[in-house]
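Worksheet for the structure shown next.
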Amino acid sequence: MKNIALLGSTGSIGTQTLDVVRASQDKFNIEVLAAGSSIGAIRKQITEFSPSTVIMSDVRAAKMLDEEFPTITVLSGPDALKESVVACDIVVNAIVGFAGLPVTIAALSEGKTLALANKESLIAGGPVVQKARKSMKSSIIPVDSEHSALYQCLHGYRSDYDRPSQSIKRLIVTASGGPFRGFTTDKLNNVTLEEALEHPTWDMGPKITVDSSTLMNKGLEVIEAHELFGIEYEKIDVVVHPQSIVHSMVEFVDSSIIAQLSMPDMRLPITYALNYPERSEAEWGSINWDEITKLEFEQPDFKNFSCLKLAYQAGEEGETAPAWLNAANEVAVAAFLNGQIKWADIPHLIAQALDNYDSRKAEEEHDIYEADKQARLITNQLIAGI
């Protein structure tokens, strides 16, 4: 039986991970649960899964749970998150945003299998994450549907995922196009928060849903694909696929293309990550071909969705530029969710923040945090000026 640390247990990926565990209780044991402040949700999870340790970022929530569950160790703070990975076989990092970086580095440094749903930590901390990954020869099994698809397509064609294969022509990352696919510039200038939170195919948290609407989510996934598979940016393409059935593809030098298909259901890539290298019998994402009439593909609109282009630029710049991009985006999206700016302001703010990028190196973990801090400061200053 595999012991799991599920960090971000009350979010979308976290709750779906628990669905997978429920379906295979003979295989998995939830050793650690971690959440923010959702005390009602975590209370139900504790009752059902009986973890040995619970970690809350909210100190008051941790104190309440500690009094309510005296037989369970209840902790709070980032150090507790990092220490939680030691007693587990698999660490599911489903924390939202840059806050997931310490967990990613800790899991890899301890030689654990990391089921990674927190793309921001790999994107922002790429160089230092790679150091930890290589030093312990740790495994990252991606949970994002697109990167799980690429991982599956590459399985059997590459024995070492850290080194590019000469047989790969390009990686093709698919995108739904978000709720505003086909919108004109004028329509995009007037979109509302409610419209931005209505994703056509996926049920995600507000931050990731907004990222999907700007195509920044896809841009971040391009950077993540580069970091995961070591493929150059010029060999990573994005194709819009509204049905979200083809989750990504790999084209080889002989022009053969291998794709991974399923109905949109995050429990499928979660199941794959938890059971790797084996496959487990499950019905998540099963396709009824009687209901599929067509699969459509089109090129992304780089002009009206410039976040995608900004992500390519930051990725190719390297070092701490992706961390800078990610921080600026997190601040801009938070401002949009809080009603401080319009949706159309998001890419402009990120572009302005990148204009102020200071080209610092990414030699140590500290460098990533400093770049993140500086980018947030600058982006907040830009917001104050709107």
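For this structure, a couple of remarks:
- Residue in region 348-358 that is surrounded by fewer than 22 Cβ atoms within 10 Å (Cβ to Cβ), aromatic (Phe, Trp, Tyr) and closer than 17 Å to Val129 by Cα present: no
- Condition check for Ala80: surrounded by 19 or more Cβ atoms within 10 Å (Cβ to Cβ), among the small types (Gly, Ala, Ser), in contact with a strand residue (DSSP E or B) (Cβ under 6 Å, 6 or more places away or on another chain) and in a helix (DSSP H, G or I): yes
- Criterion applied to Pro269, Pro300 was being modelled with pLDDT of 95 or more and in contact with a strand residue (DSSP E or B) (Cβ under 6 Å, 6 or more places away or on another chain), and the one residue passing it is Pro300.
- Gly315 touching a residue at least 60 places away in the same chain (Cβ under 8 Å), of a type outside the set (S, T, N, Q) and surrounded by fewer than 13 Cβ atoms within 10 Å (Cβ to Cβ): no
- Just one residue in the set Ile72, Ile42 is within 30 Å of Ser145 (Cα to Cα), β-branched (Val, Ile, Thr) and surrounded by 15 or more Cβ atoms within 10 Å (Cβ to Cβ); that residue is Ile42.
- Selection from region 2-44 of residues that are more than 23 Å from the chain's Cα centre (by Cα) and of a type in the set (Asp, Glu): Asp26
- Where helices (runs of 4 or more DSSP H) fall entirely within region 238-339, those with at least 1 residues that are of a type in the set (A, V, I, L, M, F, W, C), closer than 22 Å to Ala94 by Cβ and in contact with a Phe, Trp or Tyr (Cβ under 9 Å, 6 or more places away or on another chain) are at 267-275, 321-337.
- Any hit, region 146-164, residues being of a type in the set (Lys, Arg) and modelled with pLDDT of 90 or more: no
- Entry remark, region 28-57: residues being under 20 Å from Leu116 (Cβ atoms) and either in a loop (DSSP other than H, G, I, E, B) or of a type in the set (Lys, Arg) (or both) number 2 in total.
- Single residue of region 90-142 satisfying the filter (among the polar types (S, T, N, Q) and in a helix (DSSP H, G or I)) that is nearest to the chain's Cα centre (by Cα): Ser121
- Positions within region 100-119 being touching a Ser or Thr at 6+ places or on another chain (Cβ under 9 Å) and of a type outside the set (A, V, I, L, M), in sequence order: Gly100, Pro102, Thr104, Ser109, Glu110, Gly111, Lys112, Thr113, Asn118
- Scan of region 340-366 for residues that are at pLDDT 95 or above and in a helix (DSSP H, G or I), ordered by number: Asp345, Ile346, Pro347, His348, Leu349, Ile350, Ala351, Gln352, Ala353, Leu354, Asp355
- When Leu354, Leu349, Leu295, Leu308 are checked against the criterion of being within 26 Å of Gly385 (Cα to Cα), in contact with a strand residue (DSSP E or B) (Cβ under 9 Å, 6 or more places away or on another chain) and aliphatic (A, V, I, L, M), Leu308 stands alone in meeting it.
- Residue within region 202-219 that is at pLDDT below 95, in contact with a Ser or Thr (Cβ under 6 Å, 6 or more places away or on another chain), closer than 23 Å to Glu330 by Cβ and among the hydrophobic types (A, V, I, L, M, F, W, C) present: yes
- Residue within region 52-65 that is over 22 Å from the mean Cα position of the chain (by Cα) and under 26 Å from Ser280 (Cβ atoms) present: yes
- Among residues of region 232-255 that are within 26 Å of Gly318 (Cα to Cα), those with a Cβ under 8 angstrom from a residue that is acidic (Asp, Glu) and part of a strand (DSSP E or B), sequence gap 6+ or separate chain, pair up as Val239/Glu298; Val240/Glu298.
- Subset of region 199-247 (residues that are surrounded by 18 or more Cβ atoms within 10 Å (Cβ to Cβ) and at positive phi): Leu215, Ser244
- Filter result for Ala282 (surrounded by 14 or more Cβ atoms within 10 Å (Cβ to Cβ) and within 25 Å of Ile123 (Cα to Cα)): no
- Taken over region 119-145, the criterion of being within 18 Å of His247 (Cα to Cα) and either out of contact with any Asp or Glu (no Cβ under 8 Å at 6 or more places or on another chain) or at pLDDT below 90 (or both) is satisfied by Lys119, Ile141, Val143, Ser145.
The values are calculated or read from the model by the stated rules, or taken from the named source; none is laboratory data. No experiment lies behind these values; they were computed from the predicted model shown. As a convention, Cβ positions derive from the backbone with ideal geometry for all residues, glycine included, and neighbour counts pool all protein chains shown.
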